[in-house]
1. Quick one: what pairs do we get from the range 156-182, first residue in contact (Cβ under 8 Å) with a residue 24 or more places away in the chain and closer than 16 Å to Lys146 by Cα, second in a helix (DSSP H, G or I) and among the basic types (Lys, Arg), C-beta under 9 Å, 6+ apart or different chains?
2. Could you count how many residues in the range 204-235 are in contact with a Lys or Arg (Cβ under 9 Å, 6 or more places away or on another chain) and surrounded by fewer than 14 Cβ atoms within 10 Å (Cβ to Cβ)?
3. Tell me yes or no: at least one residue of the range 164-180 is in contact with a helix residue (DSSP H, G or I) (Cβ under 8 Å, 6 or more places away or on another chain), modelled with pLDDT of 95 or more and among the hydrophobic types (A, V, I, L, M, F, W, C).
4. Inside the range 1-82, counting only helices (runs of 4 or more DSSP H) that do not spill past its ends, which hold 2 or more residues that are at pLDDT 90 or above and over 22 Å from Lys220 (Cβ atoms)?
5. List every residue pair whose Cβ atoms lie under 6 Å apart, where the two residues are 6 or more positions apart in sequence or sit on different chains, the first residue falls within the range 220-235 and is under 20 Å from Ile63 (Cα atoms) and modelled with pLDDT of 90 or more, and the second residue, located anywhere, is among the acidic types (Asp, Glu) and part of a helix (DSSP H, G or I).
Amino acid sequence: MDGQLDTHFINHLEQKFEKARFVRVDSDVPEKLIPKEEQNELNLSDEEKDNLTTIFKSQVPNIEKANFVVSFEALSDQDKPVMITQQEFMRRMKEMSQTGGGPMMFYGDMPDSYNLVVNGNHKLIRRIVDDCEKEAGETVNSLRSKMQSLEARKSELEKAKEGKKDEEVPQAEKEELEDVEKKISELKNKKEEALKDFASKNKLVSQLIDLALLSNNMLKGEALNRFVKRSIDLI
């Protein structure tokens, strides 16, 4: 269904048949398109997900009017390691805006939003996690530990301000809070730079992203040339 009015027609059908919904096959991972009773457990810690978010987001090619959000799913090891999906709702709103007029025009100016879905249970993702720990783990973990200590102090200072007017808060505490927030920001930037540096040197990260883009017909131009060259290097 690729006609200009088909999106409006689908919306009409969903209103008519309240227990039915219609989505495109690339709007989500298969496990969510057809929900299963048994759910897999995600084999990633919060710290590993945080690291992988920076690692993958830093290596996504710049695509005009496209925004990528890294998300994680507990899929089977037999599923793809990385997939790209596009939320059905936003997609429909953008398509309906193309017919012109009305409040839908707002959506037409927004960039296309995609989910870069990382299969946290795939062996290739685990390899990236292990390589990251080996090459950048000491630096990243040290920075994260310092950030956690500062976050704890920040919470103490913010709690001490509760119920007080601005002029009732000692100047020394205000200055300390600003200093703590500045240090947290600096440490966060250093952590992200360490992870980006690792990602830029790890060909597997870019290869998995490009394979996902290629399967969605989104890998073009210079990015496609880099993919071909990298594929040859990896053979």
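1. Pairs that qualify, where the first residue is in contact (Cβ under 8 Å) with a residue 24 or more places away in the chain and closer than 16 Å to Lys146 by Cα and the partner is in a helix (DSSP H, G or I) and among the basic types (Lys, Arg), are Val180/Arg153; Val180/Lys154; Glu181/Lys154.
2. The total comes to 2.
3. Among the residues of the range 164-180, at least one is in contact with a helix residue (DSSP H, G or I) (Cβ under 8 Å, 6 or more places away or on another chain), modelled with pLDDT of 95 or more and among the hydrophobic types (A, V, I, L, M, F, W, C), which makes the answer yes.
4. 46-59
5. Correct list of pairs: Phe227/Asp210.
The values are calculated or read from the model by the stated rules, or taken from the named source; none is laboratory data. Since the structure is predicted, the reported quantities are computational estimates derived from the model, not experimental observations. Note that we place each Cβ from the backbone using ideal geometry, even for glycine, and neighbour counts take in every protein chain shown.
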